[in-house]
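Below is one structure; the comments refer to it alone.
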């Protein structure tokens with residue numbers, strides 16, 4: 001249930017029966033041949049599909065994250081860590097101020113990891129409000145399904161190539177790209193990283209059959225829903 005599909009009076013009325021909410025986190029950055037908004041698209045979509053049967057409201061994805069290493073790719077946007085944490089803190093403050101008491105953060109971008117540490121600090125300052133931080137793409141069951149299908153999976157590769165992250169008229173290469181050395185990646189400045197990665201895929205096929213992607217998505221939605229349904233104690 002998208003919060004954008006309600007007015008404030010409906011939100012207030014719904015809070016009488018439901019104090020859970022979902023906050024997706026994403027980014028705007030290069031994903032090889034896929035949408036620049038891949039992380040935000042996936043985080044919000046998995047959140048909406050997980051929350052819909054429960055009638056839990058889902059806020060729009062925060063579409064800007066921490067991605068300094070991709071600044072040499074046009075269109076990629078990166079917030080400073082302190083800026084990003086301030087934004088996430090303000091959003092959580094607003095949700096708590098509205099009356100939400102159980103907040104599931106569904107993160108779609110690895111670079112946003114500092115926000116996970118923030119949630120613990122934030123909860124300490126807000127007794128009575130619980131926050132769960134869920135990296136949907138590498139949660140245990142979802143990641144196990146990815147590895148079962150193809151263990152060579154990475155940023156910008158097939159594992160993020162869903163029908164809703166593809167760009168119309170764009171056909172990615174068919175060959176499997178060799179995996180880059182991640183230790184090397186972590187030492188690269190933005191221009192050097194672009195030289196190393198080329199199209200932006202870290203390694204693996206660019207696309208796999210939709211039957212594979214459907215299998216992963218089913219697990220991801222169920223695992224995300226479980227994060228909402230399990231006891232908040």
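Rounded to the nearest 500, what is the chain's calculated 222 nm mean residue ellipticity when only DSSP H runs of at least 4 contribute -39500 (n - 2.57) each, over all residues? Display every interim value, and only then the final one.
Values: 8 runs with 92 residues, N = 233.
Computed ellipticity for the chain at 222 nm equals -12000 deg cm²/dmol.
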Q: Identify which of 137, 164, 217 has the largest mean-square fluctuation in a Gaussian network model of the chain, with springs joining Cα atoms closer than 10 Å.
A: 164
**Q.** Pairwise label distance in nanometres, residue 175 with residue 218, each label 7 Å out on the Cα-Cβ vector
**A.** 3.4 nm
Q) Using a Gaussian network for the chain with springs between C-alpha atoms less than 10 Å apart, which of these wobbles most: 44, 52, 160? A) 52
Q) Say we join alpha carbon atoms closer than 10 Å with springs in a Gaussian network model of the chain; which of 168, 47, 72 then has the biggest fluctuation? A) 168
Q | Potential extension, residue 138-residue 123 segment - 0.36 nm per residue separation minus Cα distance | A | 3.0 nm
Q: Out of all DSSP beta bridges with both ends in the chain, state the antiparallel percent to the nearest 5.
A: 15 percent
Q: For residue 13 and residue 148, compute 0.36 nm times the residue count separating them, minus their Cα-Cα distance, and round to one decimal in nm.
A: 44.2 nm
Q: Would you compute, for the Cα atoms of the chain, the largest minus smallest coordinate along each principal axis and list the three values in descending order, in whole Å?
A: 53, 38, 31
Q. Stretched out fully, how many nm does the piece from residue 164 to residue 230 gain, at 0.36 nm a residue minus the Cα gap?
A. 20.9 nm
Q. So how tilted is helix 38-51 from the main axis of the chain? Cα-based, degrees 0 to 90, rounded to 10.
A. 40 degrees
(Q) How many angstrom lie between the Cα centre of region 4-36 and the Cα centre of region 102-116? (A) 13 Å
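Every read-out reported here was derived from the displayed coordinates using simple, explicitly stated rules and does not represent laboratory data. Quick caveat: nothing in here was measured; it's all calculated off a predicted structure. Virtual Cβ from ideal backbone geometry, glycine too; neighbours counted across all protein chains shown.
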